[in-house]
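Worksheet: the structure to be examined is printed underneath.
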Amino acid sequence: MKKNNKIICGVAGTVFALLILSILGGSIYLLSFALYPVKNKGRDYTAQYRLMRQRYPWAVSWMDSVQRTKALRDTFVVMKNKKTGLLLADSTRLHALIIPAPQKDPRTVVLVPGYTDNAVDMLQFACFYNRELGMNVLIPELHANGKSGGEAMQMGWNDRNDVLRWAAIADNLFRDSTGHARIVIHGWSMGGATTMNVSGMDTPSYIKCFIEDCGYTSAWDEFSYELHDMFGLSDFPLLYSASALCKIGLGWSFGEASPLKQIAKCHKPMLLIHGSKDTFVPTRMIYPLYAAKPAPKMMVVFHGSAHAKSFKDHRELYSRYVKMFLERYL
């Protein structure tokens, strides 16, 4: 009898150990899959320019012009890094593209790219702001994207501090006789989430307003949706364990990275945008975000547009809403 009990205990212990190892392995895979992608890391901008020319032919003449006149400037800065754990030991040398206004103007947009995007992915917006509105443009590449340093994505959470510092650099570059620039922060996808995360901070007076396009309610909500949509899995246990590992290794948890909580603290104007057919960051996320945001606020859902396609699909109408918003608040 005692021998049988020992066998049962041994088998149970082995099964339990295998279960724990499976959960740990799955959690590490989930973190690697979500936070350590290589899609756009250090991508050759020449190939990216060709792709953008095909996608946005109406912006080709402007892209050629800013490249020919060297108005498009590469800028690198070193942000102070806080080492928070064993998994975070990377560079903090961050990159941005800067395009001055055709004529001196304090109005400036900080364009925040999305998940795995680099600065070139935002040139269609840069063309609109720079050519049509005559504004300065600064496009920062987020941690671990493009030419910026780092290995792990921050899902717009720690990125909020970097974007705020880039805004201070833009203010220093483009201020007018009053001593300040007038800045709007405009981000899409993860950049939209980053924009909302910035909005809940104690932002300086030169940041006047925000535009977020197809951002998610929280990293937890987005990963939960993708875990179910891509792998058919529920939140428990992998999302919980992966979030705990992220907290230990990178210093933040999935639930902590919450644009929904941040936007509730924002009292500056914000325009919220989404496509009605978004299946990557589901369209339904914009509604609790809009409800949580105190006034002043505006919301536009573009009919038939998939994720991050609203500007491409509805450029004239999208531009009209942005112009109307900026005329009021910038």
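Considering amide H positions built from the backbone, and no H for Pro or chain starts, which residues 5 or more places from M299, or on another chain, come under 5 Å of its amide H? Hits under the 5 Å cutoff: L272. Remark on A181: its backbone amide H falls under 5 Å from those of R175, D176, a criterion applied only to residues 5 or more positions apart or on other chains, H modelled at 1.01 Å from N. Taken per residue, the accessible surface of the range 218-330 reaches 47 Å², heavy atoms only and a 1.4 Å probe. Diagonalising the gyration tensor over the Cα atoms of the range 114-258 and scaling each eigenvalue by 5 before taking the square root yields semi-axes of 31, 16, 13 Å, largest first.
A simple packing score, the average count of other Cβ atoms within 10 Å per residue, orders the peptides 121-130, 56-65 as 121-130, 56-65, with the highest score first. Using Cα pairs closer than 8 Å and at least 6 residues apart in sequence, work out the relative contact order for the range 198-330, in percent. Contact order relative to length: 29 percent. Residue by residue, the range 60-75 carries 3J(HN,Hα) couplings of 4, 4, 5, 4, 4, 5, 5, 6, 5, 8, 6, 6, 8, 10, 7, 9 Hz when phi is fed to the Karplus relation 6.51 cos²θ - 1.76 cosθ + 1.60 (θ = phi - 60°); x denotes Gly or Pro. In this model, which of K208/K297; K104/K323; K268/K309; K268/K323 are farther than 23 Å apart at the alpha-carbon? Those over the limit are K268/K309.
Relative to the longest principal axis of the Cα atoms of the chain, helix 45-55 runs at roughly 70 degrees. Taking only protein heavy atoms and a 1.4 Å probe, the accessible area of the chain is 59% carbon and sulfur. Expressed in units of 2.2 N^0.38 Å, where N is the residue count, the Cα radius of gyration of the range 178-313 is 1.10. Computed over the range 273-321, the percent of Cα pairs more than 18 Å apart is 30. Please check the chain for the longest run free of trypsin sites (Lys or Arg not before Pro) that are loop-located per DSSP (anything but H, G, I, E, B) and have at most 12 other Cβ atoms within 10 Å. That would be 105-330.
Eigen-decomposition of the gyration tensor built on the alpha-carbon atoms of the range 110-185 gives equivalent ellipsoid semi-axes of 23, 16, 8 angstrom, largest listed first. Report D for the chain in µm² per second (integer): Stokes-Einstein, Kirkwood Rh on Cα pairs, 37 °C, 0.692 mPa s. So the translational diffusion coefficient is about 158 µm²/s. Label positions at S224 and L24, each projected 7 Å from the Cα along the C-beta direction, are separated by 2.7 nm.
Computed over the chain, the per-residue total of -39500 (n - 2.57) for DSSP H runs of n ≥ 4 gives a 222 nm mean residue ellipticity of -13500 deg cm²/dmol, rounded to 500.
The values are calculated or read from the model by the stated rules, or taken from the named source; none is laboratory data. Since we're looking at a predicted model, the values are computed, not measured. Virtual Cβ from ideal backbone geometry, glycine too; neighbours counted across all protein chains shown. Side chains included, ligands, DNA and RNA excluded: accessible areas come from the protein's heavy atoms. Shrake-Rupley method; radii C 1.70, N 1.55, O 1.52, S 1.80 Å.
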